[in-house]
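Here is the structure we will look at.
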Amino acid sequence: MNYIELVRGELARLREANTFKFETPLQSAQGGIVRVKGKDVVMMASNNYLGMANHPVVRKAAIEGIKAYGYGAASVRFICGTQEIHLELEKKISAFVGTEDTILFSSCFAANEGFFASLTNEKMGCDTYKDVIYTDRLNHASIIDGQRLCKAETTDKKIYNHADVAHLRQLLEEDKDKEYRLKIVATDGVFSMEGDLAPLDAIAAVAREFNAILFVDDSHAIGVCGKSGRGTPEHFGVLKKIDVITGTLGKAIGGAAGGYISGKKDLIAYLRQKSRPYTFSNSLPPAIVCACMAAFDLLTKDTTIVTRLHENTAYFRKEIAALGFTIIEGTHPITPIMLGDASLAQDMSAALLKAGVYIKGLWFPVVPKGEARLRAQVSAALSKKDLDRALNAFEHVGKKLKVI
Ligand SMILES: *Cc1c(COP(=O)(O)O)cnc(C)c1O
């Protein structure tokens, strides 16, 4: 069959099913206010939680990084792509999240893809063995894909209901007498569709009880959750109690690119040998490495930016609910505004853009049928005036479309 015919047919089906993703190009840098279609609008859809995507200190560090270390590393890490700044950034991340060591990847997607199979597909001196992974039903695509790389012969995969510690416990209990070599519990720290946090204190206790490795992907939490932005472990008071933490440098921490795995020194040393996206993919470019160090320095110096993010979030959540919108309650800047109907979510996001707010809708199959929503993301880059401008637009459009 002609492949382009097949592809066209599928594109038509995606449009028909309303699952086609439209890209709306920005004509400016990422920020609290962005330029779209020649108009300045309030950005409420980005992962730029701390406004570091265009922060003067972060920009300057990126430029200085190029000046001192060039544009590209032109190698993987173990050949000649390790510059001293890569090691420095790894140290900074370890210090920030409270682990022994850290290994950088080109993205968190790559980090997650490189984690699970590097353990479960390796004999490590065991002739016969079986490992098991317990994974939250709503875990990120990169965790799912990472686990797909684990060989079925040696890895059992069990899905527990979303954030359901009792169910996780039940699965672990059922397996108590099985002779698994490794048990891994894997969860997102923050789930991006609901903006809810995994109950890490309870999950950590259960993992410890059953001697399982706890893996937490804190991509939406690094720089966001906890008083000083150290993530969900800080929020739940379990800093240093998580075995493996992964995260992205593409959200709050500058928003460009990069990911990491943090954990015990020997685990990280092992991953440098065995993790394929690390071994066979290029080093992070110096501009990104230096900018990320500046971002962590800003965060470590004082908590002003994180505090502003938390204040903005509390304000927006309170005011949007006061207008009569139904939101999923919580504390995270991700604020799902529930609409139900997919076409309503589409109409509302289009009307809001005209009214000066950039926000996107989510609908089936990304969220369950009948649970279409707009996902607002609050940022420290937004001033009170920006937030009020957005809230006014929400009120106006919400009334016009009879949502409130
Ligand atoms: C965004 C995200 C990723 C992907 O991070 P990249 O660095 O953009 O690849 C992975 N996991 C979770 C939970 C995320 O939210």
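Each reported figure results from applying straightforward, stated rules to the coordinates on display, with no laboratory input. Computed from a predicted structure; not experimentally measured. For neighbour counting, all protein chains shown are included, and Cβ atoms are generated from backbone atoms with ideal geometry for every residue, glycine included.
With the convex hull built on the Cα atoms of the stretch 160-248, state its orientation-averaged projected area in nm².
For the stretch 160-248, the mean projected area of the Cα convex hull comes to 5.6 nm².
With +1 assigned to the C-beta of every Lys and Arg and -1 to the C-beta of every Asp and Glu, and no other charges, what is the dipole magnitude of the chain about the Cα centre in debye, to the nearest 20?
1060
Which order do peptides 252-263, 202-213 fall in by mean Cβ count within 10 Å, highest first?
252-263, 202-213
On a 0 to 90° scale, report how tilted helix 286-301 is relative to the longest principal axis of the chain, with both axes built from alpha carbons and the result rounded to the nearest 10.
Approximately 80 degrees, to the nearest 10.
Using the Kirkwood radius built from alpha carbon pairs, what does the Stokes-Einstein equation give as D for the stretch 51-181 at 37 °C and 0.692 mPa s, in µm² per second?
Rounded to a whole number, D works out at 181 µm²/s.
Return the equivalent ellipsoid semi-axes of the stretch 283-366 as a descending list in whole Å, where each equals the square root of 5 times an eigenvalue of the C-alpha gyration tensor.
Computed over the stretch 283-366, the values are 32, 19, 12 Å.
Taking only DSSP H segments of four or more residues, each worth -39500 (n - 2.57), what value at 222 nm results for the chain once the sum is divided by all its residues, to the nearest 500 deg cm²/dmol?
My calculation for the chain gives -12500 deg cm²/dmol from helical runs alone.
Nearest 10 degrees is fine. How inclined is helix 342-354 to the longest principal axis of the chain, computing both from alpha carbons?
Rounded to the nearest ten degrees, it is 60.
State the percent of C-alpha pairs, over all pairs in the stretch 42-121, separated by a distance greater than 15 angstrom.
Everything past 15 Å amounts to 73 percent.
So between F22 and T307, what do we pick up on full extension, going 0.36 nm a residue minus the alpha carbon distance?
Contour length minus the Cα-Cα distance gives 99.3 nm.
Which ³J(HN,Hα) values in Hz, rounded to whole numbers, follow from the phi angles of the stretch 260-266 under the Karplus curve 6.51 cos²θ - 1.76 cosθ + 1.60, where θ = phi - 60° and Gly and Pro get x?
7, 10, 10, x, 5, 3, 6
No solvent, one uniform scatterer per C-alpha: report log10 I(q)/I(0) for the stretch 114-217 via the Debye equation at q = 0.21, 0.23 1/Å, two decimals.
-1.11, -1.30
For the stretch 61-105 and the stretch 208-277, write down the distance between their C-alpha centroids in whole Å.
17
Roughly how many Å is it from the Cα centre of the stretch 364-381 to that of the stretch 152-195, as a whole number?
So the two Cα centres are separated by 26 Å.
On a straight-distance basis, which aspartates and glutamates could pair with K176 in a cross-link, Cα separation under 12 angstrom, same-chain partners fewer than 8 positions away excluded?
E209
If only Cα atoms are counted, what is the Rg of the stretch 56-301, and what is its Dmax, in Å?
17.8, 58
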